[in-house]
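Presented below is the structure to which this report refers.
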Amino acid sequence: MIRALRFGRLFLFSPAKAAAACAEDRALSDALKLYGLTLLAAAIFYRFKPYDFPDANASVPMGPQGILFWLGVMLWQPLLMAALIAFCAVLLRWLRDGWLPLKVASSFFWCAIPLILTIFYVKNAIPKSVFAVLMILWGVPGVCVGRGVPFREWRLLATFLLALNVLQLVVLLPEAVVTALRWEAGYKGVVGLAGLWMLLGGALGLKALPPQRPLPRALLPLLFALVLQIEVVVAAFMLGWLPVETLKALLYG
């Protein structure tokens with residue numbers, strides 16, 4: 001674990017060095033340890049965080065939200081992490097060359113389709129079965145692009161994105177402080193800065209991750225992949241796979 005923590009420290013101060021360290025033999029194992037530690041710490045934090053903070057008007061949970069509930073919520077996170085890695089790999093591959101405005105526009109359109117289908121489904125414009133089939137068809141181009149990603153790039157990307165969660169682990173401490181003080185603006189500020197920190201640190205790391213790429217071709221795929229990850233959560237809820245309380249916990253904590 002000491003080795004894993006040293007590996008994680010690179011993500012706090014030097015994303016480029018962290019990207020280089022992802023090529024080491026035990027890097028993936030260390031990344032998984034950091035990711036597991038982050039999920040466990042997050043489950044404990046949210047267990048004790050008041051449900052009505054920072055939103056004082058939040059509805060009362062329909063059931064108890066003890067440690068077992070939050071551990072159950074965290075079991076969804078590896079699935080969402082796998083989706084993020086897959087989306088990011090596909091988009092990095094797609095945006096790595098070619099005319100950037102065209103590639104960005106096509107990526108935006110591809111990312112918008114799940115949201116459009118979800119809106120149609122919510123408005124009862126399409127039945128559930130059609131919604132599921134269209135979502136599968138939407139994923140076909142991504143699978144085709146993903147097949148061109150070498151295994152080594154998959155492994156490096158998975159290692160980097162898993163270990164990047166150490167930023168969330170570190171931020172839990174100031175989040176706990178502002179929560180204890182019931183400082184709403186402070187909590188929102190910490191969460192916002194943490195999100196920006198992860199996005200910029202992730203982009204700088206992906207820029208240096210082999211094969212190296214310009215910063216816009218690293219930042220945009222990560223941003224699109226994060227949006228798609230949220231859309232997957234919403235789609236899973238619409239299909240009845242995700243309970244409403246788990247949905248709230250995943251989106252809002």
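Residues in segment 86-107: is at least one at pLDDT below 95 and of a type in the set (Gly, Ala, Ser)? Yes, that holds for at least one residue.
Scanning segment 101-131 for residues that are loosely packed, with under 14 Cβ neighbours inside 10 Å and touching a residue at least 24 places away in the same chain (Cβ under 8 Å) yields a count of 3. For segment 153-185, which positions are free of Cβ contacts under 8 Å to residues at least 12 places away in the same chain and either surrounded by 15 or more Cβ atoms within 10 Å (Cβ to Cβ) or assigned to a helix (DSSP H, G or I) (or both)? Matches in segment 153-185: 173, 177, 180, 183, 185. Of all residues in segment 212-223, none that is at pLDDT 95 or above has its Cβ atom under 6 Å from the Cβ atom of a residue that is of a type in the set (S, T, N, Q), 6 or more apart or on another chain. Out of all the residues in segment 126-152, which are touching a helix residue (DSSP H, G or I) at 6+ places or on another chain (Cβ under 6 Å), assigned to a helix (DSSP H, G or I) and farther than 15 Å from residue 115 by Cα? Result: 142, 145, 146. Only one of the numbered conditions (1) farther than 24 Å from residue 205 by Cα; (2) in a helix (DSSP H, G or I) is violated by residue 87, and that is (1). Name the one entry in 246, 159 that is of a type in the set (Ser, Thr, Tyr) and at pLDDT below 95. Step by step, each of 246, 159 is checked, and only 246 is of a type in the set (Ser, Thr, Tyr) and at pLDDT below 95.
The values are calculated or read from the model by the stated rules, or taken from the named source; none is laboratory data. The model shown is predicted, which means the values in this text are computed figures rather than measured ones. Cβ sites come from the backbone with ideal geometry, for glycine too, and all protein chains shown count toward neighbours.
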